[in-house]
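The values are calculated or read from the model by the stated rules, or taken from the named source; none is laboratory data. Computed from a predicted model, the values in this text were never measured in an experiment. Cβ placement follows ideal geometry from the backbone for every residue including glycine, while neighbour counts extend to all protein chains displayed.
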Amino acid sequence: MRKRVLISLALAIAVSLAAVPVMAGETAYERYDETVVLTTVKRTDPNAKFPEGDSLDNNVMTRYIKDRINVETKTVWEVDSTEFNNKLSLDIVAGTLPDMFSLGNDDYLIYRQLLDNGLLADLTDAYDANANWYLRDTAASFEGRHFAPYTDDGRLMGIPTGRYGYEHNQLWLRSDILEAIGMKAEEILTIADIETYLTKAKEAFPDTLGLALHATDPLTNYASSFSADPIAQVFGATPRYWIEGEDGSITYGSLLPGMKDALTVLADWYAKGLIDLEFPTRVGGGLTQAVTTSGQAAAWFAPWWYGWSIVDLPKNVEGADVVVVNAPVNDAGEFVAPWPSPAGEVLLVNKNCEHPEAVVRVMNLEYDMHRGFDEEAAALYDESRNQNNPTYLDASWTYLFPTSGVNMEYSNVVPTFSHGIHAFVERGSQEGLASPSEVTESIGIGKFIDGDESFEQYRGSYYARYVAGEITDAANVRFVYPAYSQTTESMADIMPSLLTLEQQTVLQIILGQKSVDDFDAFTAQWLAEGGQTLTDEISALLGK
Amino acid sequence: MRSVKNEIYYNAMMVIGIGFLLVFSIIPMFGVIIAFKDFVPAKGMLGSAWVGLKHFNRMFALAETRNVIRNTLVIAISKIVLNIIVPVSFAILLNELKVYPVKRVVQTVVYLPHFLSWVILGIMFTNIFSYTGIVNQILGKFGVPPQMYMISNSSFRGIIIGTDVWKTFGYGAIIYLAAITNIDPNTYEAAAIDGAGRWQRIWFVTLPSIQGTIVLMSTLALGNVLNAGFDQIFTMYSPLVYPTGDIIDTYVYRMGITKMQYSFSTAVGLFKSGISFLLITLSYTLANKFADYTIF
C-alpha cells in the first residue's frame, strides 16, 4: 500500500517537473564565495591520456566550473568499470562514501540498500532550485517517467537520466546477397519473406550460415545483438519484460503465448538449416560477431549501433554490404519493438554532502560546455579537442564530467540525429543538428556516401546513424512498454535460477531437443519455482 | 644438537610465511559467516541480518543444486578412477618396452599436455569436437552423420572426463614408473625361472610391488571427490549442457560473481568445503592405515 502511494506521488512530481518546460532554476548558476570541494569516484576510461599538466581534477571542464561557480572536484579513486561496484561496496561498508557517484540501472538494489540505510541526500529542493533548462527539457522528453524509481515518499533521492529509446533490434540483411538472388530490401516484410530470403541465400551461397543467433540468449530483450526477439514481438510476446495485459494483470513476457509461435518458427528454421547450425557453441566473446563480419551470416538482428561492429565486413568479403529493415511485421503491418526501462544511469549524493545543490549546478555547466550552449565555454572546449590533446578526442566525453557515468539525452536522440544527418546530406540543411560535433559527423558521413575514400572511417557512422538509425522511428514501429523494470529483493534471489531454466528451454526447443509443446511444462515449472511469487510481488507493487 | 638460539632464526624465517597465511587464508575465512546471513554490501558482513540455515535449506530444495552436486560427483569420481587405471596401465606397458630411445620420447611427449592450461585446451577441444571439426570429419568418412558434441548432454560428460584423462595420464604415470623402477630385478628373474610368462610377471610381480603406491594415490585422491575441475568445465560448457556439465564450482561462480547472490553461493561453497574437509581427513587416515603415509 505504501509503495502504491509512493509511486503515485512520484508520478505527480514527475508530471509537475515535466509541466515546467525550459525554465531554469533560480540559483542554477549562483557562485559560491568560498570554494566548495566535491569528492567523487570514477570508472576508468582506457582511452584517456591527459595532456601534460592536466588531470581528472584539473582539465578544461573542471577549470571552467571552478571559474564559473567556484566548485572543485576531487576524485578519491578510479577503477575499471567491472570493479566499480565492489570498490563502492567497500566504501559503503567503511562509511567513506564520496559526495557524489553514479550507478547504472542494473544496480538498482544497491540504490535501494543505500536508501534503506539512510545514506542518500534528498535532492528535491536542490534539483528544483538549480536544474537548468537542458536538464529539465531532457527530463520532460521522458515525461518524467524515469524519476519514479528514484523517488521515495515523494522526495527525489537521485538524479536519473532517462534511458533513451530506439535501441531495439532491427533486421540486418546483406544487400549484396539480396541483389544476387533478385530480391529487394523493401520486399522483406513478414516472417515468410525472411524465410524466403534465408532459403534463397542458402541456395545461392551454400557456404553461408543463414541467420546468426545469440549463443545463450536467442530470445531476450532490449538492445541485445543477435536476439531474435522481433520474431517474438510480432506474435505479441515480449521476452524478459514484465508486461501489463489488457485486463490489467501482470505477466512475465517470456511466458506469453506468442513465445510458442516464435519458437515454432525458429525451430522450423533451425531444422531447415536456415539458422547458423553451430550458434549454441559460439559462447565466447565476439564469436557470433565474427560470423557476421566474416560474411558467413546472411542475416541477424541487432540495434542501430551494430553499424560500428560490422565495418570489417567489406574488407573481409569483396563487395559485401548491409542494409537494415524493420522486419518482421505483423498482419497490421506493424513492427513491434520493446521500449527500455524508464531510468538509465543515476547520480546519487551522499547524505553528508554539505552542498547537494552544487552537484546540480555542476551538471548544468557540464552540458553548457559540452553541448555548446555557452559559446565561450564551447570555444574553449573545441580548442582543447585538437590533435595535441588526444584525451579530449579519444576518451568518452562523460569521463571529463565531474558527474561521470551520467549522460542526459532527449528520449528520441537516436532518430532525431539520423533525420538531421539525412536533411544535411540530402538538402544541406543544418537545422536538425543539435551541436557542432553532430555537424562534423554529418559532413564525414556525406563525404563517405560520395565515395571519398579518405572518409572510410565514417563507414560505421554511416551504417549506424544514416542507415539503421533513420528507420528506428518509422511510421509502422509500435512500442511495447515494460510495466516494471527494477529489481525487487526476491527477484535477485529467484531470478537467476529461473533465467537458467528459460535459457535452456528456449535453446532446447530451437535445437529440436524438445518440442514446442514442452513450453507449457516450462511455464508451469517457472511459476512453481518462484515465478508466481515474483508475479504476485510485482502486481502488488504496481497496485494491480 | 638443538639450541634455542638456532630455533629463533628458523622461527623468524617462518614469520613471513605465517603472516601471509594469516592475512590471505585464515582471516578471510571468517567471511563464511555470510552463508548464515542475508549479506547486504551496504550493511557489511557484521551488520547484515542473521538468517540461520535459510540458504542451506534453499540449496537442498532447489532441483538445480541437487543436479549440480550429482554432476560434480559423477564427473569427479570418473576422473579419479580413470586417472588411476590409465596411468598405471600406461606405466606398466611403457615399462615392458625395451627400446630405450622410444620409451624416453614417448614418456616425454605424453606428459607435455599437463603443462598446457585449460583456457587453451578448452578452445582446442571445442574446435576438435565442433560441427565441422576433425572428429566429425573423420567419423563422416565412415558414414556417421555430424553431431555437435559440445552441446549434447549425451557426450559432454564423456568429453570432459576423456580430455582430462588425456591431459594428466602422462604426468600421473611418472610416479608409477618410479615405483616400478624400484622393484628388485631378482624377483623378475626368479619368476622367469619358475616359468612365469610376461602377463604373469606383470600380474604377480609388478602389480603387487606397486600396490602400495596405487593405494596411496587412490586414498589421497579422495579429497578431490568434489573437485570436478572448474577451469576445464568453465571453458567448455554452455547453458545447453548445464544438466550434465554444471558442477558446484561453476555454479558458485555464476550465482556469486555474475548474479551477485553472495550469501547463497557462499553457502554452497561452504557445503562443498565441509564435505571436502571430511573426505581429506578420511583419506589421510586411510593412507596412514594402509600405506604408512603420514602428513601430520
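A quick yes/no check of all residues on (1) in the same structural domain as A:SER249 (by TED's automatic domain parsing); (2) modelled with pLDDT under 95; (3) more than 19 Å from A:GLY245 (Cα to Cα); (4) under 25 Å from the mean Cα position of the chain (by Cα):
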| site | (1), (2), (3), (4) |
| --- | --- |
| A:THR487 | yes, yes, yes, yes |
| A:ALA492 | yes, yes, yes, yes |
| A:LEU499 | yes, yes, yes, yes |
| A:GLN513 | yes, yes, yes, no |
| A:LEU542 | no, yes, no, yes |
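Every residue in the range B:247-259 that is farther than 18 Å from A:MET495 by Cα and not hydrophobic (A, V, I, L, M, F, W, C), please.
Answer for the range B:247-259, where residues must be farther than 18 Å from A:MET495 by Cα and not hydrophobic (A, V, I, L, M, F, W, C): just B:ASP249.
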Practice task
Determine whether the range B:42-62 contains at least one residue that is buried (at least 19 other Cβ atoms within 10 Å of the Cβ) and of a type in the set (Val, Ile, Thr).
Solution key: no
Exercise for the section: Please indicate, with yes or no, whether at least one residue in the range A:312-330 is closer than 30 Å to A:LEU527 by Cα, in contact (Cβ under 8 Å) with a residue 24 or more places away in the chain, surrounded by fewer than 20 Cβ atoms within 10 Å (Cβ to Cβ) and not assigned by TED's automatic domain parsing to the domain that holds A:ALA126. Expected result: yes
Problem - Among residues of the range B:173-198, those that are in a loop (DSSP other than H, G, I, E, B) and exposed (fewer than 15 other Cβ atoms within 10 Å of the Cβ), counted - result: 5
Handout entry: Candidates A:ASP125, A:ASP207, filtered to the one that is over 24 Å from A:PRO218 (Cα atoms) and either modelled with pLDDT of 90 or more or part of a strand (DSSP E or B) (or both)
Key = A:ASP125
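Take the conditions among the charged types (D, E, K, R), in contact with a helix residue (DSSP H, G or I) (Cβ under 7 Å, 6 or more places away or on another chain) and farther than 30 Å from B:ILE69 by Cα and apply them to B:ARG157. Does it pass?
No: the conditions fail for B:ARG157.
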Exercise for the section: Evaluate the range A:344-355: report whether one residue or more is of a type in the set (Lys, Arg), over 26 Å from A:ARG240 (Cα atoms), without any contact (Cβ under 8 Å) to a residue 60 or more places away in the chain and surrounded by fewer than 19 Cβ atoms within 10 Å (Cβ to Cβ). Expected result: no
Fill in the blank from the handout: Looking across the range A:98-122 at residues that are part of a helix (DSSP H, G or I) and out of contact with any strand residue (DSSP E or B) (no Cβ under 9 Å at 6 or more places or on another chain), the single one that is nearest to the other protein chains (Cβ to nearest Cβ) is A:GLN113
Practice task
Starting from the range B:116-132, keep only residues that are at the interface with chain A (Cβ under 10 Å from one of its Cβ atoms), then list their pairs with residues that are polar (S, T, N, Q) whose Cβ atoms are within a distance under 7 Å, requiring at least 6 positions of separation or different chains.
Solution key: B:GLY122/B:GLN232; B:GLY122/B:THR235; B:THR126/A:THR281; B:SER130/A:THR281
Practice task
Kindly state which helices (runs of 4 or more DSSP H) lie completely within the range B:205-295 and contain at least 2 residues that are closer than 27 Å to B:LYS167 by Cβ and away from every other protein chain (no Cβ under 14 Å).
Solution key: B:207-221, B:230-236, B:248-253, B:262-291
Exercise for the section: Find the residue count for the range B:168-191, including only residues that are in contact with a Lys or Arg (Cβ under 7 Å, 6 or more places away or on another chain) and among the aliphatic types (A, V, I, L, M). Expected result: 1
Problem - Conditions (1) within 14 Å of chain B (Cβ to nearest Cβ); (2) surrounded by 20 or more Cβ atoms within 10 Å (Cβ to Cβ); number of the one not met by A:TYR241 - result: (1)
Exercise for the section: Could you tell me whether any residue of the range B:33-41 is part of a helix (DSSP H, G or I) and under 26 Å from the mean Cα position of the chain (by Cα)? Expected result: yes
Practice task
Answer yes or no as to whether A:PRO160 is part of a strand (DSSP E or B) and either modelled with pLDDT of 90 or more or crowded, with 21+ Cβ neighbours inside 10 Å (or both).
Solution key: yes
Handout entry: the range A:474-520: number of residues that are in contact (Cβ under 8 Å) with a residue 40 or more places away in the chain, within 14 Å of another protein chain (Cβ to nearest Cβ) and small (Gly, Ala, Ser)
Key = 3
Exercise for the section: Kindly indicate the residue of the range A:191-227 that is within 14 Å of chain B (Cβ to nearest Cβ) and aliphatic (A, V, I, L, M) and also surrounded by the fewest Cβ atoms within 10 Å (Cβ to Cβ) among those meeting that condition. Expected result: A:ALA215
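May I ask you to say which residue of A:GLY248, A:GLY258, A:GLY273 is within 14 Å of chain B (Cβ to nearest Cβ) and out of contact with any Asp or Glu (no Cβ under 9 Å at 6 or more places or on another chain)?
One residue alone meets the criteria, A:GLY273.
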Handout entry: Residue check for A:ARG145: in the same structural domain as A:PHE226 (by TED's automatic domain parsing), out of contact with any Cys (no Cβ under 8 Å at 6 or more places or on another chain) and on the phi < 0 side of the Ramachandran plot
Key = no
Fill in the blank from the handout: Of A:VAL360, A:VAL323, A:VAL317, A:VAL349, the only residue that is of a type in the set (Val, Ile, Thr) and out of contact with any strand residue (DSSP E or B) (no Cβ under 8 Å at 6 or more places or on another chain) is A:VAL317
Handout entry: Residue under evaluation A:GLY286, criteria (1) of a type outside the set (Asp, Glu); (2) modelled with pLDDT under 90; (3) crowded, with 23+ Cβ neighbours inside 10 Å, criterion not met
Key = (3)
